[in-house]
Amino acid sequence: MERFQNYIKEVIDWNDHIKTFLNSENIDRNDDIWEKLDQLTNVIEGISKPAELNQEQLLNLQQQVDHLHDDLESYFTKRQQIGTVYINEPFVNIGEHKLPPLPYSYDALEPYISREIMRLHHTKHHQSYVDGLNKAEKNLKEARTKGDFSLVKHWSRELAFHGSGHYLHTVFWDIMKPKGGGKPSGALLQEINKYFGSFDAFKKHFTEAAKAVEGVGWALLVWSPRARHLEILQSERHMLLTQWDTIPILVLDVWEHAYYLQYKNDRAEYVNNWWNIVNWRAVEERFDKASQLKWKPF
Ligand SMILES: [Fe+2]
């Protein structure tokens, strides 16, 4: 009987674990998966006194749980095969983007990036991209409402500049952390080795690309769902020279506002030091999600 009680406890834990996961991914309550989990909950709740269940009833329970387990497994396999991202977050309404909070304090990246730079970069520069993106979205909505597209070129440029600025900075904050550095591991490292030959070869290429960005811009490691491999890109400003249909995995801001107060015009030293604060776990997570997206290759 103890074996069955342990089994029931495992099923309860497993059920809770799946529900926590679905909640964390904001899976819609109307999705079939919830119905299956609710069925499982009902089965479990029906066993208030497992000691009173006979062997046949327990076997019956086990069968029901096994079926649900199979259903759940095929559900997740199917979602992964079609590259579905498990996110049903409410979308951002037009003109309602917000400045995301930094995942650490302003002085957390010292001595590599000073508190003063981080504070200005986040509260002034990034905020201005959020504001600019909201303004562009609202003005383009107004253009659609009025059927007046005389300024569509201007607002489209604003949308690209501020939108790219907002999205890239949001990634940038997430891919850094205090006491970062080192190397990635797992699938990302394998992919880096496969495409660039070695981590050192990748690091050299990325560093040189960052140093050589003309004017202001970014160096980016991206996943290409089409080519199904990684690539290193430069971006001038936030949005020029991009290779569309790729997903940034690791990004480095080489605008002067990102380093000038501390490094003056020595971008190379800033770039070299930046490697000490890369949050490879976050980069790996982005890669794991991005690499699930695969288009037909051409
Ligand atoms: Fe920036």
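The values are calculated or read from the model by the stated rules, or taken from the named source; none is laboratory data. Only a predicted model underlies this, so the values are computations on that prediction, with no experimental measurement involved. Here the Cβ positions follow ideal geometry from the backbone for every residue, glycine too, while neighbour counts run over all protein chains shown.
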Next item on the list: Say whether the condition of being under 16 Å from Trp275 (Cβ atoms) and touching a Lys or Arg at 6+ places or on another chain (Cβ under 7 Å) is met by at least one residue in segment 215-238.
Entry: no
Notebook entry, point to check: List, please: which pairs have Cβ atoms under 8 Å, are six or more places apart or on different chains, and start with a residue in segment 125-137 that is among the β-branched types (Val, Ile, Thr) and end with one that is buried (at least 21 other Cβ atoms within 10 Å of the Cβ)?
Noted result: Val130/His162; Val130/His166
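A quick yes/no check of all residues on (1) more than 16 Å from the ligand (Cβ to nearest atom); (2) part of a helix (DSSP H, G or I); (3) not acidic (Asp, Glu):
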position: Gly132; (1), (2), (3): no, yes, yes
position: His166; (1), (2), (3): no, yes, yes
position: Lys179; (1), (2), (3): yes, no, yes
position: Lys183; (1), (2), (3): yes, no, yes
position: Leu188; (1), (2), (3): yes, yes, yes
position: Ala209; (1), (2), (3): yes, yes, yes
position: Val213; (1), (2), (3): no, no, yes
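Given Phe202, Phe161, which one is more than 18 Å from the chain's Cα centre (by Cα), surrounded by 14 or more Cβ atoms within 10 Å (Cβ to Cβ), part of a helix (DSSP H, G or I) and within 16 Å of the ligand (Cβ to nearest atom)?
Just one listed residue meets the conditions, Phe161.
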Notebook entry, point to check: Gln63 versus (1) modelled with pLDDT of 75 or more; (2) surrounded by 13 or more Cβ atoms within 10 Å (Cβ to Cβ): which is the lone unmet condition?
Noted result: (2)
Checklist line | Flag for Tyr260 being surrounded by fewer than 16 Cβ atoms within 10 Å (Cβ to Cβ) and either of a type in the set (Phe, Trp, Tyr) or over 19 Å from the mean Cα position of the chain (by Cα) (or both) | finding: yes
Notebook entry, point to check: Before we move on, is Ala136 more than 22 Å from the chain's Cα centre (by Cα), away from the ligand (no atom under 14 Å from the Cβ), buried (at least 19 other Cβ atoms within 10 Å of the Cβ) and not acidic (Asp, Glu)?
Noted result: yes
Next item on the list: For His238, state whether it is of a type outside the set (Gly, Ala, Ser), within 16 Å of the ligand (Cβ to nearest atom) and surrounded by 19 or more Cβ atoms within 10 Å (Cβ to Cβ).
Entry: yes
Check: Residue check: is Ser156 assigned to a helix (DSSP H, G or I), over 23 Å from the mean Cα position of the chain (by Cα) and either within 16 Å of the ligand (Cβ to nearest atom) or of a type in the set (S, T, N, Q) (or both)?
Finding: yes
Notebook entry, point to check: Looking at segment 100-130, which of its residues are at pLDDT 95 or above, within 14 Å of the ligand (Cβ to nearest atom), among the aliphatic types (A, V, I, L, M) and out of contact with any Asp or Glu (no Cβ under 8 Å at 6 or more places or on another chain)?
Noted result: Leu109, Ile113, Ile117, Leu120, Val130
